[in-house]
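As structure tokens, the structure follows; a few thoughts come after it.
The values are calculated or read from the model by the stated rules, or taken from the named source; none is laboratory data. Small disclaimer: the values here were computed from a predicted structure and weren't measured. With ideal geometry, Cβ positions are generated from the backbone for all residues, glycine too; neighbour counts draw on all protein chains shown.
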Amino acid sequence: MVLMQSLRYVRYNHRMLTTIRRSGNSFVIRVPREEMERIGVEEGEPVSVEIRAVDVRPRLPKDLRPAVDTEIANSASAFQRLADA
């Protein structure tokens with residue numbers, strides 16, 4: 001008789017950014033409790049993890065771009081004084 005471990009597959013399309021940290025000779029990935037509860041995974045359960053490096057940069061919302069461009073143009077002389085200091 002062959003016993004097979006029952007695996008539960010959960011469709012999980014939500015992405016989460018986190019940081020890899022060192023723990024002794026290993027690395028760990030922190031998953032917030034709320035995420036674990038949301039998808040119904042408990043400590044010790046096998047999970048699938050895909051690791052990709054990401055470049056996280058803040059982006060200016062398009063609707064603010066004109067205001068920022070105006071401020072930069074209005075402050076050009078102040079920026080020049082800072083550069084010359």
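Going through (1) surrounded by 10 or more Cβ atoms within 10 Å (Cβ to Cβ); (2) in contact with a Lys or Arg (Cβ under 8 Å, 6 or more places away or on another chain); (3) at pLDDT below 85 one by one, THR19 falls short only on (1). The residues listed here are VAL54, VAL31; of these, the one that is closer than 12 Å to MET16 by Cα, at pLDDT below 85 and aliphatic (A, V, I, L, M) is VAL54.
Looking only at the stretch 34-51, residues that are small (Gly, Ala, Ser) and either at pLDDT 85 or above or within 13 Å of MET16 (Cα to Cα) (or both) come to 2 in all. Looking across the stretch 42-85, the residues that are among the polar types (S, T, N, Q) and not in a helix (DSSP H, G or I) come down to SER48, SER75.
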